Amino acid sequence: MDHQTLGHIYLIDDDASIRRALHGTLDKLGFTVSAFEDADTFLKNATPVSPAVILLDMRMPSKSGVELQAELLETGWRTPIIFISGESMPAQIVLAMKQGAADFLLKPFSMDGLLRAINSGLERDHAEQSVLNHTLTVQQKLKLLTPREKAVCAEIISGRSNKEIAQASNSAPSTVKLHRARILKKMQVESLGDLIALLKGIDLKGLSLRQCH
């Protein structure tokens, strides 16, 4: 069984025997596991970590797995969810998948199948966390830019030359060149290519050059 990507597993199932069996097996394989008997206990006691997956029973008393999934989405908790169920529930499965579930396993499932789903979910969570961390780092750097520098940065990223930016802002090309140098320094990059790569996928939401006059 291939489980190269180890991480944390939140196990939520109202069946105590299933919790004990899965907790013991997954722990022996090298995963860290937090087990909960219902959705509310999870919400009160769980602390977000990454990489992680949520192994969630579809049908539980008081609050179903799909209801918990919807609640987590509302609060911004994006850990991938793997649903497990003792019976086929087409409508619930469709809703779970529409809400972004990572996988669905029907009991009894094989450990190989479970591990494949867990590893896929962990890889997805790791990738999403990496993107989030990158975005937060870039946003912190962008806060160092003045409104004018941020506007010039947006123009640079759009492909405009120093001369074109100078004309649009009624300033001298040498001034734009100075802004460009300060931007590269504050963003901690060596070249325009590095700056473009750093800001790929980032919404600058900067002021326009007209607003910076």
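In sequence order, the range 60-71 has phi-based couplings of 9, x, 6, 9, 6, x, 5, 5, 5, 4, 5, 5 Hz under the Karplus curve 6.51 cos²θ - 1.76 cosθ + 1.60, θ = phi - 60°, and Gly or Pro positions carry x.
Report the antiparallel proportion of the DSSP beta bridges in the chain as a percent, rounded to a multiple of 5. Could the numbers behind the result be given before it?
Details: 0 of 18 bridges.
Looking only at bridges with both residues in the chain, the antiparallel portion is about 0 percent.
Each Lys and Arg Cβ is given +1 and each Asp and Glu Cβ -1; about its Cα centre, the range 1-69 then shows a dipole of about 140 debye.
When Lys and Arg each count +1 and Asp and Glu each count -1, what net charge do the other residues less than 14 Å away from Glu164, Cβ to Cβ, add up to? Computed value for this residue: +3.
Taken along the Cα-to-beta-carbon direction at a fixed 7 Å, the label points for Ser110 and Met97 span 2.1 nm. Derived scalar couplings between HN and Hα for the range 132-142 equal 4, 4, 4, 4, 5, 5, 5, 5, 5, 5, 5 Hz in order, rounded to whole Hz, by the Karplus curve 6.51 cos²θ - 1.76 cosθ + 1.60 (θ = phi - 60°), x for Gly and Pro.
Residues Val152, Val138, Val94 in ascending order of nearby Cβ atoms (within 10 Å, fewest first): Val94, Val138, Val152. Amide H to amide H, with H built 1.01 Å from N, Leu105 comes under 5 Å of Phe83, Ile84, Ser85, counting only residues 5 or more places away or on other chains. Could you check the spin-label model distance between Glu164 and Leu178? Points 7 Å from the Cα along Cα→Cβ, value in nm. My value for the distance between the label points is 2.4 nm. Loop-located trypsin sites (Lys or Arg not before Pro) in the range 29-69 (DSSP state other than H, G, I, E, B) with a sparse environment of at most 16 neighbouring Cβ atoms within 10 Å: Arg59, Lys63.
Once P(r) over Cα pairs in 10 Å bins from 0, in percent is calculated for the structure shown, the corresponding label among [x] 9, 35, 35, 16, 4, 1, 0; [y] 8, 28, 21, 13, 16, 11, 4, 0; [z] 9, 32, 32, 17, 7, 3, 1, 0 turns out to be [y]. Our summary gives the range 148-204 a relative contact order of 33 percent, counting only alpha carbon pairs under 8 angstrom and 6 or more residues apart. Across the range 95-107, in residue order, what do the Karplus-derived ³J(HN,Hα) couplings come to in whole Hz, using 6.51 cos²θ - 1.76 cosθ + 1.60 with θ = phi - 60° and x for Gly and Pro? Result, rounded to whole Hz: 5, 4, 5, 4, 8, x, 4, 6, 6, 9, 10, 9, 5. Loop-resident GluC sites (Glu not before Pro) (DSSP state other than H, G, I, E or B) in the range 48-116 with no more than 16 further Cβ atoms inside 10 Å of their Cβ: Glu87. Which GluC sites (Glu not before Pro) does the range 134-201 hold that lie in a coil by DSSP with at most 14 other beta carbons within 10 Å? Taking the range 134-201 and a limit of 14 other Cβ atoms within 10 Å, the loop GluC sites (Glu not before Pro) found are Glu190.
Given charges of +1 on the Cβ of Lys and Arg and -1 on the Cβ of Asp and Glu, with all other atoms neutral, how large is the dipole of the chain about its Cα centre, in debye to the nearest 20?
Working: 25 positive and 24 negative charges, 343 e Å.
Charge dipole of the chain: 1640 debye, to the nearest 20.
At a threshold of 8 angstrom on Cα-Cα distance, excluding pairs fewer than six apart, so keeping six or more, what relative contact order does the range 44-198 reach in percent? Don't skip to the answer; put the middle values down first.
On the way: 143 pairs, mean separation 28.2, N = 155.
18 percent.
Exceedance of the 25 Å cut-off in Cα-Cα distance is limited, within the set Lys44/Lys141; Lys28/Lys107; Lys141/Lys200; Lys44/Lys143, to Lys44/Lys141; Lys44/Lys143. With unit charges on the beta carbons (Lys and Arg positive, Asp and Glu negative) and the dipole taken about the Cα centre of the range 54-195, which residue among Met187, Thr146, Val66 sits farthest to the positive side? Result: Thr146, furthest along the dipole toward the positive end. Fully extending the segment from Arg20 to Arg124 would add 34.8 nm, taking 0.36 nm per residue of separation and subtracting the current Cα-Cα distance. Pairs of C-alpha atoms in the range 8-132 farther apart than 22 Å represent 26 percent of all such pairs. If you take the charge dipole of the chain about its Cα centre, with +1 on Lys and Arg Cβ and -1 on Asp and Glu Cβ, which of Gly121, Leu95, Ala168 is farthest toward its positive end? Sorting the options by dipole projection puts first Ala168. If the elastic network links every pair of Cα atoms under 10 Å, which of His126, His23, His179 fluctuates the most in the Gaussian network model of the chain? Among His126, His23, His179, the largest mean-square fluctuation in the Gaussian network model of the chain belongs to His179.
Since every read-out is calculated from the coordinates, none of them should be taken as a lab result. Everything numeric here is computed off the predicted structure, so don't read it as measured data. Counting neighbours? That spans all protein chains shown, and the Cβs are built from the backbone with ideal geometry, glycine included.
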